[in-house]
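To start, the structure itself, in structure tokens.
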Amino acid sequence: MRPILSAATGFLLIAGQAALAQTAPSAADIVNSLKPSSGQLSSPTRGIRPAVPARAGTANAAAPSVNLTVNFASGSAALTPSAKHTLDALGNALTSNALSAYRFRIEGHTDTVGTRDANQALSQQRAEAVAAYLEKKFAIQAAKLEAVGVGEDDLLVPTPDQTAEPRNRRVKIVNLGA
């Protein structure tokens, strides 16, 4: 009986780790998403840098970005342990040689539950919590991070008002350039 119990425990441990790995991309995955491609860096003239990507909520296909599921306590900007796990991968990516020269916008997003004003304020608090965590744990300069609350605008999954959709409660990281 013990070998069966031990095997089952081992399977659950591996399954739990796999589930955590699926929800949190690796630092390498994040680097690949945020690193500008060679076409985004090339210019027909020397000495001119690419334009700074547009602000939150506006289209700009040239800005490398990544959506991350950063879990918060419901209605709160307090980071959960799984949020910190995701942000650790993000912090490692942002401090890598491939990305350390760039600035980033941290966009906080919410679902449509609650009022528009409350969601706007909450998304700003969440974006600021992410920036503060990265600044403190990874010594990323505050000037390299721009925290922006988007609220329930720019939904990842379109939903009607008062719909709890976890995929809309996310943080988007956008490379703003050097």
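We did not get these values from a lab; they are worked out from the coordinates using the rules stated. Remember, predicted model here, so these are calculated numbers, not experimental data. No Cβ is skipped: glycine too gets one built from the backbone with ideal geometry, and neighbour counts run over all protein chains shown.
General remarks:
- Peptides 126-136, 109-119 ranked from most to least packed, by the mean per-residue count of other Cβ atoms within 10 Å: 126-136, 109-119.
- Between the amide H of ALA147 and those of ILE106, distances stay under 5 Å, these residues lying 5 or more places away or on another chain, with hydrogens modeled in the peptide plane.
- What the phi angles of the range 165-173 give under the Karplus curve with 6.51, -1.76 and 1.60, with θ = phi - 60°, is a coupling list of 10, x, 5, 7, 8, 8, 10, 10, 10 Hz, glycine and proline written as x.
- Taking amide H as placed 1.01 Å from N in the peptide plane, the amide H of THR163 sits under 5 Å from that of THR112, VAL113, each at least 5 places away or on another chain.
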